[in-house]
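Q: This is the structure I have questions about; it appears just below.
The values are calculated or read from the model by the stated rules, or taken from the named source; none is laboratory data. Note that the structure is predicted; figures quoted are calculated from it, not measured. So basically every Cβ, Gly included, is an ideal-geometry build from the backbone, and we count neighbours across all protein chains shown. The protein model used for the area step is the full one, side chains on, heavy atoms only, and it has no ligands, DNA or RNA in it. Shrake-Rupley method; radii C 1.70, N 1.55, O 1.52, S 1.80 Å.
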Protein chains: 6
Amino acid sequence: MTKKILFINPLHTEVFDEEFRAQFERYKSPDTVVDIVSFASGEGPIHLEYNCYEAMVIPELIRTVKKAEEDGYDAAIIGCFYDPALRACREVTEKMVVTAPAEAALHIATTLGESFSILVGRKKWIPEMKENVHKYGFGDKLASFKSLDLGVHDFQKDHEETKRRIRKAANEAIEKDGADVIVLGCTAEFGFFESLQQELGVPVIDASLSPFKYAEFLVEVKQKLSWTHSKKVGYQSPPVHEVKDFKLFETTKI
Amino acid sequence: MTKKILFINPLHTEVFDEEFRAQFERYKSPDTVVDIVSFASGEGPIHLEYNCYEAMVIPELIRTVKKAEEDGYDAAIIGCFYDPALRACREVTEKMVVTAPAEAALHIATTLGESFSILVGRKKWIPEMKENVHKYGFGDKLASFKSLDLGVHDFQKDHEETKRRIRKAANEAIEKDGADVIVLGCTAEFGFFESLQQELGVPVIDASLSPFKYAEFLVEVKQKLSWTHSKKVGYQSPPVHEVKDFKLFETTKI
Amino acid sequence: MTKKILFINPLHTEVFDEEFRAQFERYKSPDTVVDIVSFASGEGPIHLEYNCYEAMVIPELIRTVKKAEEDGYDAAIIGCFYDPALRACREVTEKMVVTAPAEAALHIATTLGESFSILVGRKKWIPEMKENVHKYGFGDKLASFKSLDLGVHDFQKDHEETKRRIRKAANEAIEKDGADVIVLGCTAEFGFFESLQQELGVPVIDASLSPFKYAEFLVEVKQKLSWTHSKKVGYQSPPVHEVKDFKLFETTKI
Amino acid sequence: MTKKILFINPLHTEVFDEEFRAQFERYKSPDTVVDIVSFASGEGPIHLEYNCYEAMVIPELIRTVKKAEEDGYDAAIIGCFYDPALRACREVTEKMVVTAPAEAALHIATTLGESFSILVGRKKWIPEMKENVHKYGFGDKLASFKSLDLGVHDFQKDHEETKRRIRKAANEAIEKDGADVIVLGCTAEFGFFESLQQELGVPVIDASLSPFKYAEFLVEVKQKLSWTHSKKVGYQSPPVHEVKDFKLFETTKI
Amino acid sequence: MTKKILFINPLHTEVFDEEFRAQFERYKSPDTVVDIVSFASGEGPIHLEYNCYEAMVIPELIRTVKKAEEDGYDAAIIGCFYDPALRACREVTEKMVVTAPAEAALHIATTLGESFSILVGRKKWIPEMKENVHKYGFGDKLASFKSLDLGVHDFQKDHEETKRRIRKAANEAIEKDGADVIVLGCTAEFGFFESLQQELGVPVIDASLSPFKYAEFLVEVKQKLSWTHSKKVGYQSPPVHEVKDFKLFETTKI
Amino acid sequence: MTKKILFINPLHTEVFDEEFRAQFERYKSPDTVVDIVSFASGEGPIHLEYNCYEAMVIPELIRTVKKAEEDGYDAAIIGCFYDPALRACREVTEKMVVTAPAEAALHIATTLGESFSILVGRKKWIPEMKENVHKYGFGDKLASFKSLDLGVHDFQKDHEETKRRIRKAANEAIEKDGADVIVLGCTAEFGFFESLQQELGVPVIDASLSPFKYAEFLVEVKQKLSWTHSKKVGYQSPPVHEVKDFKLFETTKI
């Protein structure tokens, strides 16, 4: 049964899109069809390191998720490790699965090991991500956060330097903090997990591949067992008439 | 020293504005100047019961906060008990204080009593609010959530009925759940706290007055002692050039 | 790529095996091959309601897991909601994935909803299961445990009666405790999830199908991304020579 | 509306009183009237580094609080960062607000930043203060405790040396522990916060000014909105006749 | 080896002393010598239901503990379920063991069962006791608090009525809250545990006998293994010269 | 009243038995009779560093506990710091007390000090032991785990070297992590506690003596007050007929 998945890179740049596509094609299940979408170049943030950037792209993100469901996707992935607007995206969809990097990476990490460290770009990111770690229930399994002192658009600039920093931070996390799983805390840290996990001898969880594979899994259980987001309480959808009255999914102005 | 405070009612309706204004005028400190702003009628949600409504008004909210600082306000209040975009609003301001209902009400409630109950409109609201209670650190002091089964625009329809429901829920919270402070979990539950707290014999914390008075306090400590939001880690501001490049505060399109 | 999965029903009875097989065949992915194994009839416990029964079957369980890896299985499932010997089973295998019902069901439940209730057979089971809920990190998302007052071998005796009890407990969990996902806390509560979730309007997570699908997922990420149990700290394997010296996997005597 | 506030320095020495007075006069609101009281010199502890010293001054502290209410004060501040007898002091007063340094400093710190470090005089103080941090709900926001290796009466001896130690500890707290707010964990660490926060670029919360300003705030909400300590459960007052029978507020003997 | 134990009933009444003595004589080890002391009748509170009563007797309590060590006691028990001044009492003693009812009862209860309920006299007591339950680490094992609506001096008035209320509350705690151990939350609830535990089929932990037996145990490990309160951090003693200068143990005035 | 205690060294070696016996004889109460039992040499693991070794000896452990009760013992001690099968062992006994090293050591450590560090042999042990620390409720009192990089059978090889490592780790735990009690995290770390605690000035809790003395205490309260493991919920015994049908305590095959 085909699984149609949309990876939303919620940035106003398509600079990473091709590499995401290449990765997903390489690691996908045979019955998965995957598309990538990013937002209009030049119209907004090209990274979401600040919570206010994240906040600003949320309406476009939600509209994209909404449209994805109308276009027949089975799952949408919110491609930012802050997991922006996850609850909102689950509200606006009726049947489509929605997931996000931190949720997926942490569920996987805590199944594979005893405690994990998250390697972020900058210290600035830590408070919001730590809140999410606690929110998902994994505070007791968090060994540490480590900052690589790199911005979102620095990770791919000098691969050897990025690798060197990940390796150093990961080794410290393992040796000093007791981590046995490493989580890469940004979708733009792609291309590193495979060689590094071989070197380090522990799983290194990639931030875009983990929600991608988790999305395949969630679609699978939805298709086979009808297990999907509960609409009873927190993910309840707004009334159709209100959505219309409020022009919720119209782009003009808001 | 004058304290210029802006209460942002992040709804696309001005229906509550006059009553907020009247309240604030009545309870303000002599040196406080308060303004109310709401969003363009007919252009978006008139309540934020759903997380997706909340998400959709965030850009306008952030722009309003940003402009408030430019206009010389000392504090802005985000007038919704979900405390939307609080971190983002603190990022985009340099010196202005920003606070919000749940933050303020819970800090006050936990100083005044041993454990509190939050009276919400609908069960739907509880998961997101519960997350906030835990995020602020008050999970162990939460006696219970109680739903009044009323929407945001129902609270003011039939005052006696609303009062009856608050009274019933509050009494249960006190008698069965051990609460000794009641928190009204929606800014639109205004006009009830005073008579009810007299009746019930416990503090009843109003959701718009609590952030209003807390804002006065935060401005006071900023003006006198320069204690204001730390810009070192989580509330660090984005670089000016990026904000410009990203057209962050421009309304068109987004 | 074929995924060879072994479901270990760690009971000394094959009474449930055929129904497990039928279920798995019905809900499996096309590339999954699944086998069921249970333990020698008449040689030990036919249910694990008591921790001492559970303890007694652990050596046979571990030997079975060990042999499964030798036999080329990609994953083994420990078919009891107490998740017995999960850490031990991950130690004795080199590459095979091992999972179990509570782990799988709770990771799924917390991705699909805001808070879950677990419907157990008897109150006796609650303390050990509650420990596991906390161990996995989901204590804050646990709405309640509900006892159906049925033993492991009672669930399938009178389907209507079992259904009636599940329905009643689930409704209470949803209405009074705020759950939006129901977890069936015993692998023998099979055959109920599908009709009940339709009726109740919330996901009902089956205790044997959830680890089965989770196992497929874990094998998938192992096969595609080499993400598998970390052998660095807690799941480190014992030295081969010791295993031999200690006759660890020999059945005689122990 | 006048706010009459009494700062109780619960030490048997008046050595700090003038400087407290000078500080409060400098930072107070126009409508605040503040008095300082300390205990009879030569009759008891001149610092409360030990819990047994703290315990010994509690009766005099409670009597002072009780008398403050009779004398028409609107608020009393218990001037020790252990927040001694806070619950007892709230019991013995009917309408007067009572607050204390740790309570006030931590509520402010957690509103201004993401995580805080407390700079104490000696390691000995940490266990009791850590208990309070957890009791108030801020355990997850505590970055670290740092000891300056100075006693209560050392802070004011050599200002440059004290400053040097605070600066060093604060920098470590910020750089290594991720703190973005610094809390000075002793009322006698006065006179340092202002220059240090300018230097460090993060708020530095003073242990006597924070409860002083918080007291002004609590009086403000009491005067304007009748929000004051709940007398329903934990802060319920003892019966008048018992208080009399038990000679509770008589000084002789006890 | 003789174990000399002093039970301090920190009340200004000797009304319970004989019954405590009788109890301890009945349940003590052969090598235990036990004495009871209470405070001067007519000079202070005869119960400690209020935190301010508790606070007021603390100096006399500390002096009594100090003197007990001088008089050669091996252990002192602070006979109130609020465990008043436990840290202070451990500071002022060099070698003597000090324990208290909640500490002892909860360590025993959590060793004997999976979760406990505490039966208190009045709701007023709950907040402070709940703080202690969390402080000792047993928050997750607390099934519930139940109030008997009886004051300290009511428990012994009508034995049948008290028993009836304990029975009712305990049954609810067991049936509805899942408790498998009952803790009597007041030293004056003596004389009930034995018959009730036989009736109820679960351990019922008495609030004076539990610290008494725990004290015997702590003396035993001190005498045999030199395991006693650590004086390194939190229980460090104050300097002798200060204690003298501060007139810490002198009764006059304070 | 005689207390008959069995220390079960759940290893297939008697190499430590004589030293355990010597120790217990030295530190026991006069009315205690103590026996040591270990498992058949050459038939299984001689240490339990791996969870799978632990798992493999559990059936023999349970049978030994069961037989101990039949043989009239008042208490059995499970001699491994992982506290294997504690719940199971409490289920299979009717009246006998069962305890184990981590449970006993941690209850004692948290009564004697403010926070403890556990000195383990290898990092591998930490995840399982940390789970137990949290399960018992002492997560907030855990200062740190420290690894000595020694296996179970290394501790007694070179006493001076072992001592040197314990001393170094303990000093770090005290100075850097704030511990004021040291817990030796393996029963085979015997013979060190007494000289080290004198040197270090903090209690050093031995892993076999702590459950031994705790067992004496538990037997004492059982004999005198009938306080023993609650059989109501988690420690409920299995039905006699099932135990027989399941051949639970028969050695052959399982």
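Q: Filter segment D:34-54 for residues that are in contact (Cβ under 8 Å) with a residue 12 or more places away in the chain and either within 15 Å of the chain's Cα centre (by Cα) or more than 11 Å from residue D:12 (Cα to Cα) (or both) and give the result. Steps first, answer last, please.
A: First, pick out the residues of segment D:34-54 that are in contact (Cβ under 8 Å) with a residue 12 or more places away in the chain: D:34-51, D:54.
D:34, D:35, D:36, D:37, D:38, D:47, D:48, D:49, D:50, D:51, D:54, listed by residue number.
Q: Suppose we filter F:93, F:110 for residues that are in contact (Cβ under 8 Å) with a residue 24 or more places away in the chain, of a type in the set (Val, Ile, Thr) and in the same structural domain as residue F:57 (by TED's automatic domain parsing); which single one remains?
A: On the way: F:110 fails: in the same structural domain as residue F:57 (by TED's automatic domain parsing).
From the options F:93, F:110, the qualifying one is F:93.
Q: Considering each of E:51, E:9 in turn, give the residue that is at the interface with chain D (Cβ under 10 Å from one of its Cβ atoms) and within 22 Å of residue E:154 (Cβ to Cβ).
A: Details: E:9 fails: at the interface with chain D (Cβ under 10 Å from one of its Cβ atoms).
Of the residues listed, the single one that is at the interface with chain D (Cβ under 10 Å from one of its Cβ atoms) and within 22 Å of residue E:154 (Cβ to Cβ) is E:51.
Q: Against the conditions (1) within 28 Å of residue C:68 (Cβ to Cβ); (2) facing another protein chain (nearest Cβ under 7 Å); (3) within 21 Å of the chain's Cα centre (by Cα); (4) of a type in the set (A, V, I, L, M), where does residue C:225 fall short? Just the number, please.
A: (3)
Q: Only one of (1) outside any helix (DSSP H, G or I); (2) charged (D, E, K, R); (3) open to solvent by 40 Å² or more (accessible area, probe 1.4 Å); (4) more than 25 Å from residue C:136 (Cα to Cα) is not met by residue A:189, so which one is it?
A: (3)
Q: May I ask you to list the residues in segment F:145-157 that are closer than 22 Å to residue C:234 by Cβ and either open to solvent by 30 Å² or more (accessible area, probe 1.4 Å) or within 14 Å of chain E (Cβ to nearest Cβ) (or both)?
A: Narrowing segment F:145-157 to residues closer than 22 Å to residue C:234 by Cβ: F:145-155.
Result: F:145, F:146, F:147, F:149, F:153, F:154.
Q: Still on this structure, please answer the following. Given the options A:160, A:199, A:172, A:194, name the one that is free of Cβ contacts under 8 Å to residues at least 60 places away in the same chain, open to solvent by 50 Å² or more (accessible area, probe 1.4 Å), farther than 25 Å from residue C:108 by Cα and within 10 Å of chain C (Cβ to nearest Cβ).
A: Working: A:160 fails: within 10 Å of chain C (Cβ to nearest Cβ); A:199 fails: within 10 Å of chain C (Cβ to nearest Cβ); A:172 fails: within 10 Å of chain C (Cβ to nearest Cβ).
Sole residue among the options that is free of Cβ contacts under 8 Å to residues at least 60 places away in the same chain, open to solvent by 50 Å² or more (accessible area, probe 1.4 Å), farther than 25 Å from residue C:108 by Cα and within 10 Å of chain C (Cβ to nearest Cβ): A:194.
Q: Sticking with this one: When you go through (1) in contact (Cβ under 8 Å) with a residue 12 or more places away in the chain; (2) under 23 Å from residue F:181 (Cβ atoms); (3) not assigned by TED's automatic domain parsing to the domain that holds residue F:36 one by one for residue F:82, which number turns out not to apply?
A: Going through (1) in contact (Cβ under 8 Å) with a residue 12 or more places away in the chain; (2) under 23 Å from residue F:181 (Cβ atoms); (3) not assigned by TED's automatic domain parsing to the domain that holds residue F:36 one by one, residue F:82 breaks only (3).
Q: Residues being part of a helix (DSSP H, G or I) and open to solvent by 10 Å² or more (accessible area, probe 1.4 Å): count how many of those fall in segment E:132-144. Full working, then the answer.
A: Taking segment E:132-144 and keeping what is part of a helix (DSSP H, G or I), we get E:132-136, E:139-141.
Imposing the further condition that a residue be open to solvent by 10 Å² or more (accessible area, probe 1.4 Å) reduces the set to E:132, E:134-136, E:139-141.
Residues flagged as part of a helix (DSSP H, G or I) and open to solvent by 10 Å² or more (accessible area, probe 1.4 Å) within segment E:132-144 amount to 7.
Q: Quick one: which residue in B:45, B:59 is over 21 Å from residue B:234 (Cβ atoms), open to solvent by less than 10 Å² (accessible area, probe 1.4 Å) and within 8 Å of another protein chain (Cβ to nearest Cβ)?
A: On the way: B:59 fails: over 21 Å from residue B:234 (Cβ atoms).
Only one candidate passes the filter, namely B:45.
Q: Okay, next question. Exactly one condition in (1) assigned by TED's automatic domain parsing to the domain that holds residue E:116; (2) within 28 Å of residue E:61 (Cα to Cα) is not met by residue E:235; state its number.
A: (1)
Q: Consider segment B:5-26. How many of its residues are in a helix (DSSP H, G or I) and open to solvent by 40 Å² or more (accessible area, probe 1.4 Å)? If you could, list the steps in order and put the result at the bottom.
A: Of the residues in segment B:5-26, the ones in a helix (DSSP H, G or I) are B:17-26.
Those still in the list that are open to solvent by 40 Å² or more (accessible area, probe 1.4 Å) too: B:18-19, B:21-22, B:25-26.
Number of matching residues: 6.
Results for (1) aromatic (Phe, Trp, Tyr); (2) over 28 Å from residue C:51 (Cα atoms); (3) more than 14 Å from chain D (Cβ to nearest Cβ), shown as yes or no for each residue.
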site	(1), (2), (3)
E:72	no, yes, yes
E:82	yes, yes, no
E:86	no, yes, no
E:110	no, no, yes
E:125	yes, yes, no
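Q: Of the conditions (1) under 28 Å from residue C:111 (Cβ atoms); (2) surrounded by fewer than 24 Cβ atoms within 10 Å (Cβ to Cβ); (3) touching a helix residue (DSSP H, G or I) at 6+ places or on another chain (Cβ under 9 Å); (4) not charged (D, E, K, R), residue B:102 clears all except one; give me its number.
A: (2)
Q: Take residue A:178 and decide whether it is open to solvent by 10 Å² or more (accessible area, probe 1.4 Å) and more than 14 Å from chain B (Cβ to nearest Cβ).
A: Values: open to solvent by 10 Å² or more (accessible area, probe 1.4 Å): yes; more than 14 Å from chain B (Cβ to nearest Cβ): yes.
So residue A:178 passes the test.
Q: Working only within segment F:32-42, note down all residues that are open to solvent by 20 Å² or more (accessible area, probe 1.4 Å) and touching a strand residue (DSSP E or B) at 6+ places or on another chain (Cβ under 9 Å).
A: First, the residues of segment F:32-42 that are open to solvent by 20 Å² or more (accessible area, probe 1.4 Å): F:33, F:35-38, F:40-42.
Those that are open to solvent by 20 Å² or more (accessible area, probe 1.4 Å) and touching a strand residue (DSSP E or B) at 6+ places or on another chain (Cβ under 9 Å): F:33, F:35, F:36, F:37, F:38.
Q: So, one more: Filter segment D:88-108 down to the residues that are at the interface with another protein chain (Cβ under 7 Å from one of its Cβ atoms) and among the basic types (Lys, Arg) and list them by number.
A: None; the set is empty.
Q: Of all the residues that make up segment A:127-147, how many are of a type in the set (A, V, I, L, M), in contact with a Phe, Trp or Tyr (Cβ under 8 Å, 6 or more places away or on another chain) and under 16 Å from residue B:136 (Cα atoms)?
A: Applying the first criterion (of a type in the set (A, V, I, L, M)) to segment A:127-147 yields A:129, A:133, A:142-143.
Those still in the list that are in contact with a Phe, Trp or Tyr (Cβ under 8 Å, 6 or more places away or on another chain) too: A:129, A:142-143.
So of that shortlist, the ones also under 16 Å from residue B:136 (Cα atoms) come out as A:129.
Here the count works out to 1.
Q: Of everything in segment A:220-254 that's assigned to a helix (DSSP H, G or I) and either closer than 13 Å to residue C:201 by Cα or open to solvent by less than 30 Å² (accessible area, probe 1.4 Å) (or both), which residue is modelled with the lowest pLDDT? Explain how you work it out, then say what you get.
A: Initial filter on segment A:220-254 (assigned to a helix (DSSP H, G or I)): A:220-225, A:240-245.
Now restrict to residues that are either closer than 13 Å to residue C:201 by Cα or open to solvent by less than 30 Å² (accessible area, probe 1.4 Å) (or both): A:220-221, A:225, A:243.
On the way: A:220: 98, A:221: 98, A:225: 98, A:243: 93.
Checked segment A:220-254; the qualifying residue modelled with the lowest pLDDT is A:243.
Q: If you go through segment F:84-124, how many residues are small (Gly, Ala, Ser), more than 18 Å from residue F:139 (Cβ to Cβ) and more than 13 Å from the chain's Cα centre (by Cα)?
A: 2
Q: Which of the residues belonging to segment A:236-248 are of a type outside the set (Lys, Arg) and more than 7 Å from every other protein chain (Cβ to nearest Cβ)?
A: Going residue by residue through segment A:236-248, those that are of a type outside the set (Lys, Arg) are A:236-243, A:245-246, A:248.
Across segment A:236-248, the qualifying residues are A:237, A:239, A:240, A:241, A:242, A:243, A:245.
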